[in-house]
Amino acid sequence: MKNQTNPFKNAIDQLEKAGKIAELDQNFLDRMKTPDRYIEVSIPVTMDNGSQHIFQGFRSQHNNSCGPYKGGIRFHHDVNLDEVRALSFWMTFKCAVVNVPFGGGKGGVIVDPKILSEKEIENISRGYIKKMYPVLGPEMDVPAPDVNTGEKIMGYMLDEYEKITGKKAPATFTGKAIANGGSEGRMEATGFGGGVVVREIINTGLISVGATVAIQGFGNVATYFAESVIKQGLKVVALSDSKGGVYNENGIDLALALAHKKNTGTLSGLAGTKNITNAELLLLSVDILVPSALENVLTSENAEQISAKIIVEMANGPTTPESDEIFAKNGVIVIPDILANSGGVATSYFEWYQNMNSEKWQREDVLKKLDDLMVSAWNNIVVIKEKYKTTLRNAAYILASERIEEADKIKH
Ligand code: GLU
């Protein structure tokens, strides 16, 4: 069987499947198959040694029927146009699943930030905005952090945007530091939102307190997800970063893992754990497997060997359509990315809203509102899943498609 690793093809495949099940309008489905537009820019940067390096940047604006284009910007050496298009497509559906008034966008720069200085990263961030600013804005396209980007980079980008346009416009970017107009609760929102979904699964009786969890990843999303499920009494037995993972069948101490990573730059060698590879982590005998890094890690090559009962997709696009079929056949429940990790963009909406209305909300209020949105998305999806006797992914696509189609209709 050929492995499908083009994320954009995979994204379309997911929509087509749901489209068949719910007999969605073919014209609508066809419109969703191409982003409204994508932009590719060159970013010349003076490096610390005085030489010039030209970086390549992308922004894909998939659909804005429900609101301004919305989605992160990632810095990664493997970024490419098909990946950014797929990620922008998933944003359109993710925003509709969690019912926030945004469309879908995504950006990226081909760069490995781990080998650059802070100044070089700042120059790339500002350079990206120098080229992209005409297509961004609070009511046009609102970027946010993604893989290897965070509040500092959003700060550079906002500052550059405001310098060029000559206006204060904090709602142009979300995921900012609180001091720069960021929202309380945004930092932990994606992981927290995934934790809300896990709580709902526990409530259905599918898993119980004490269940074991393996998490592939140790970035912002994975860390707050781990914190949230540990608080609920689940046992995180494995974690990993890009270099490899660590395992302890009795559970990993999250605070120790964070301190070890901070001191040594890696998870490997964490006291009381056994080093494992990222590939081994996926095959561990656990109740819940959580891909929380990059796309295409669950494929036809390893899907048959996955022993987890439940997969919670905190990464975008970790499961190929072929492996999705294997999971459905084997009774493995997949909580799709467009639901599981939608807490990030939902809270970006709260941040955008506060900026647009000059408000500042308390952390408890933000997390309560987020909790309500996640529960409502989960409940809606479960109803559709029952109605069509289908997977949670298909149900999530059907729910989102109905909402997007309704908003998109008027344009055609
Ligand atoms: N990058 C995150 C995602 O993939 C957040 C996007 C946002 O907040 O706009 O959902």
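The values are calculated or read from the model by the stated rules, or taken from the named source; none is laboratory data. Being a predicted model, the structure only gives us computed values, none of them experimental. Cβ atoms come from the backbone with ideal geometry, glycine included; neighbour counts cover every protein chain shown. To get the accessible areas, we keep the full protein, side chains included, count just its heavy atoms, and leave off ligands, DNA and RNA. Shrake-Rupley method; radii C 1.70, N 1.55, O 1.52, S 1.80 Å.
Under the condition of being open to solvent by less than 20 Å² (accessible area, probe 1.4 Å), away from the ligand (no atom under 11 Å from the Cβ) and not in a loop (DSSP other than H, G, I, E, B), the residues counted in segment 63-85 number 4. Of all residues in segment 106-132 being open to solvent by 30 Å² or more (accessible area, probe 1.4 Å) and among the charged types (D, E, K, R), which is farthest from the ligand (Cβ to nearest atom)? Out of the qualifying residues, it is 119. In the set (1) away from the ligand (no atom under 16 Å from the Cβ); (2) touching an Asp or Glu at 6+ places or on another chain (Cβ under 7 Å); (3) of a type in the set (A, V, I, L, M), the condition left unmet by residue 54 is number (2).
For first residues located in segment 63-78 and in contact (Cβ under 8 Å) with a residue 12 or more places away in the chain, partners that are part of a strand (DSSP E or B) and among the aliphatic types (A, V, I, L, M) and lie 6+ apart or on another chain with Cβ distances below 6 Å form the pairs 68/142; 70/142; 72/144; 75/109. Within the bounds of segment 200-211, is there any residue that is in contact (Cβ under 8 Å) with a residue 24 or more places away in the chain and within 16 Å of the ligand (Cβ to nearest atom)? No, the conditions are met nowhere in segment 200-211. Scoring residue 313 on the criteria (1) more than 30 Å from residue 179 (Cβ to Cβ); (2) within 13 Å of the ligand (Cβ to nearest atom); (3) in contact (Cβ under 8 Å) with a residue 60 or more places away in the chain; (4) in contact with a Ser or Thr (Cβ under 9 Å, 6 or more places away or on another chain) leaves a single failure, condition (3).
One line per residue, one yes/no per condition, for (1) β-branched (Val, Ile, Thr); (2) open to solvent by 30 Å² or more (accessible area, probe 1.4 Å); (3) closer than 29 Å to residue 320 by Cα; (4) over 21 Å from the mean Cα position of the chain (by Cα):
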residue: 222; (1), (2), (3), (4): no, no, yes, no
residue: 227; (1), (2), (3), (4): no, yes, yes, no
residue: 231; (1), (2), (3), (4): no, yes, no, yes
residue: 236; (1), (2), (3), (4): yes, no, yes, no
residue: 264; (1), (2), (3), (4): yes, yes, no, yes
residue: 268; (1), (2), (3), (4): no, yes, yes, yes
residue: 280; (1), (2), (3), (4): no, yes, yes, yes
residue: 289; (1), (2), (3), (4): no, no, yes, no
residue: 293; (1), (2), (3), (4): no, yes, yes, no
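Each row is one residue, and each column tells you yes or no for (1) within 16 Å of the ligand (Cβ to nearest atom); (2) more than 14 Å from residue 348 (Cβ to Cβ).
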{"position": "144", "(1), (2)": "yes, no"}
{"position": "152", "(1), (2)": "yes, yes"}
{"position": "159", "(1), (2)": "no, yes"}
{"position": "165", "(1), (2)": "no, yes"}
{"position": "175", "(1), (2)": "yes, no"}
{"position": "182", "(1), (2)": "yes, no"}
{"position": "186", "(1), (2)": "yes, no"}
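From 100, 135, grab the single residue that is within 16 Å of the ligand (Cβ to nearest atom), within 20 Å of the chain's Cα centre (by Cα) and on the phi < 0 side of the Ramachandran plot.
It is 100.
Of all residues in segment 172-194, those that are within 21 Å of residue 357 (Cβ to Cβ) have Cβ atoms under 7 Å from Cβ atoms of residues that are among the hydroxyl-bearing types (Ser, Thr, Tyr) and more than 14 Å from the ligand (Cβ to nearest atom), 6 or more apart or on another chain, in 172/161.
Would you pick out the residues in segment 174-219 that are in contact with a Pro (Cβ under 9 Å, 6 or more places away or on another chain) and surrounded by fewer than 21 Cβ atoms within 10 Å (Cβ to Cβ)? Once the filter is applied, which keeps residues that are in contact with a Pro (Cβ under 9 Å, 6 or more places away or on another chain) and surrounded by fewer than 21 Cβ atoms within 10 Å (Cβ to Cβ), segment 174-219 yields only 180.
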